[in-house]
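Working notes, structure below.
Where a number appears in this text, it was derived from the coordinates with a stated rule and is not lab data. Predicted model, so just to flag it, every value in this text is computed and none were measured. Methodologically, a virtual Cβ is constructed for each residue, glycine included, from the backbone with ideal geometry; neighbour enumeration extends over all protein chains shown.
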Amino acid sequence: MAVYSERYKYVFFAVPNTASKAVAKTLREKLDGVTLPDRKLVAEGERRHHATPSQLVRNGCLTQEQLKGLLKFTTIRNPFDAMVSKYVKHCELIPAEGL
């Protein structure tokens, strides 16, 4: 998924496990963002939630010229935070009597 704003000239690209759904929601609600693509991507194996610039162009969501004029950004996650989160989820799967 990407969030695009013609008014503010940006496109945000979602990245797995980086709170991208929350960021995308805020951009849509506060900064005139619209979700791209608004339909399933055509090519087999392409996912809607984590679209790339080339997928947006290939599927007719944006043109190369439109992309050139936009601020393109995404989010990242602190690797240590991701590791701790994975560990906590792993521990939740272990039954208490198994400790």
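By average Cβ neighbour count within 10 Å, what is the ranking of 87-94, 75-82 from highest down? List each step's numbers first, then the result.
Details: 87-94: 8.6, 75-82: 10.8.
Per-residue mean Cβ counts within 10 Å order the peptides as 75-82, 87-94.
Would you mind checking the stretch 1-23 for residues with the amide N under 14 Å from a putative spin-label position 7 Å along Cα→C-beta of ASP81?
15-23
Cα to Cα, under 24 Å, and not fewer than 8 places away if on the same chain: which lysines meet these conditions relative to LYS30?
Answer for LYS30, where 24 Å is the Cα cut-off: LYS9, LYS21, LYS68, LYS72, listed by chain and number.
Quick one: net charge around VAL34, please, counting Lys, Arg +1 and Asp, Glu -1 for every other residue with C-beta under 11 Å from its C-beta. Walk me through the numbers on the way to the answer.
Numbers: positive: ARG7, ARG28; negative: GLU6, ASP32, ASP38.
Taking every Cβ under 11 Å from that of VAL34, the sum is -1.
Rounded, prolate or oblate, given the Cα gyration tensor of the stretch 49-99, with a/c below 1.5 counting as rounded?
Numbers: a/c = 8.23, a/b = 3.11, b/c = 2.65.
Prolate, because a/c is 1.5 or more and a/b exceeds b/c.
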